[in-house]
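A short worksheet on the structure shown next.
Since every read-out is calculated from the coordinates, none of them should be taken as a lab result. Please read these numbers as outputs of a predicted model, since none were measured by experiment. Heads up, the Cβs are rebuilt from the backbone with ideal geometry, glycines too, and the neighbour counts pull from every protein chain shown.
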Protein chains: 2
Amino acid sequence: MYGKYEQQMKKGVLDMLVLKLLEQEAKYGYQLIQELKENSRNVFALKEGTLYPVLYRLEEEGFVETEWSKPEGKRVARKYYRITECGRQAFVDISGLWKQISMGIMQIMGGDII
Amino acid sequence: MYGKYEQQMKKGVLDMLVLKLLEQEAKYGYQLIQELKENSRNVFALKEGTLYPVLYRLEEEGFVETEWSKPEGKRVARKYYRITECGRQAFVDISGLWKQISMGIMQIMGGDII
DNA sequence: TTTTTATATTTAGCATTGCTAAGTACATAA
DNA sequence: TTATGTACTTAGCAATGCTAAATATAAAAA
C-alpha cells in the first residue's frame, strides 16, 4: 500500500549500514545480505540487485577495497570487501549526518515517534 | 562533502512531516517551510522548489485539500492545505513505517546511534 | 508617481538510488 | 546427466530532493 514510502525512506542509509557491518571484518556480498536481514529483523531484506550496486559505489568512492578468494570446501569464489581508512572516516561522518536528520525528524514528529 | 547522503536520507519523510504539521490546522506553503525549518532546528530548511511539489503530490493522492484565501491586510492570497480523513490514515501508516525502518537501522547500528 | 521589497506560488530539469528482473558461473548432490 | 545452492553481474525503471528561475501582488520607500 505505502510501499513507495518504504523504498524512499531507505535511500541513503544502505551505504552507512554496509560500512557498519564491514567495520569489524571483511565480508562478501551474500554474507552482507544475510546479516542485514537478520540484524534488522527483516527490515532490510535486500535482493542482490540492490546490494551489489551499493558495494560498487563504495569501492568507486574508495570506502572499501576488494579481494577475490575461494575458501577450501566452498562452492564458489567470493569477493571480499574490506573497509579502508577513508571508509572509516566516511562512516563516522555519514552516521553523524543520520543522527542529525533523525533528530530533526523526531523533533517535528514529537510524540508520534517513540 | 557528504551532501548527497543528506539529500537521500531525507527522501520519503517529507510527506510524513508535512502531514504531521497539517494535523492540527490548515496551513499554507510558505508557513510550512518556516515551521519545518524552525521545528527541526534547521535540519529541514526547504526551498520552495522542494516543498511545493510535495504538496501537489499529497493533493493528487487525496491526502490534502486546498482552498485559496486572502486574509485582510496580507500582501497576497494564500493557498491553504487541509488534511483529509484519508490523509490522517496515511499519516498513521507512514509514520508506522518510519518507526519500523528507523528501528531496523538502530538495530544494525547498535551503539553508533544513541 | 515610481521603485523596491517582502510575501507566496509555480515550473523545468538534473542526479541519485532502491527496486524488479534476468542472466552468468561453478561445484556439489541427486 | 541433471538439479540445486551459492555467489556475482547488469539493464533499466520509478521516485523524489535539489537548483534555478520565473511569476504575481501589495505594502513601503524614494
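Within segment A:91-105, the set of residues being over 13 Å from B:Val43 (Cα atoms) and at the interface with another protein chain (Cβ under 7 Å from one of its Cβ atoms) comprises A:Asp93, A:Ile94, A:Ser95. As for segment A:51-60, it holds no residue that is of a type in the set (Phe, Trp, Tyr) and either assigned to a loop (DSSP other than H, G, I, E, B) or facing chain B (nearest Cβ under 7 Å) (or both). Among the residues making up segment B:77-114, those that are in a helix (DSSP H, G or I), crowded, with 16+ Cβ neighbours inside 10 Å and under 16 Å from the mean Cα position of the chain (by Cα) are B:Gly87, B:Ala90, B:Phe91, B:Ile94, B:Ser95, B:Leu97, B:Trp98. Tallying residues that are within 13 Å of another protein chain (Cβ to nearest Cβ), among the small types (Gly, Ala, Ser) and either part of a helix (DSSP H, G or I) or buried (at least 19 other Cβ atoms within 10 Å of the Cβ) (or both) within segment A:27-50 yields 1. Among the residues of segment B:14-26, the ones that are in contact with a helix residue (DSSP H, G or I) (Cβ under 8 Å, 6 or more places away or on another chain) and more than 13 Å from A:Ile108 (Cβ to Cβ) come to 0 in all.
Could you say whether any residue in segment B:10-22 is assigned to a helix (DSSP H, G or I), exposed (fewer than 12 other Cβ atoms within 10 Å of the Cβ) and not β-branched (Val, Ile, Thr)? For segment B:10-22, residues assigned to a helix (DSSP H, G or I), exposed (fewer than 12 other Cβ atoms within 10 Å of the Cβ) and not β-branched (Val, Ile, Thr): absent. Residues of segment A:32-46 that are touching a Lys or Arg at 6+ places or on another chain (Cβ under 9 Å), within 14 Å of DNA strand D (Cβ to nearest atom) and touching a residue at least 24 places away in the same chain (Cβ under 8 Å): A:Leu46 alone.
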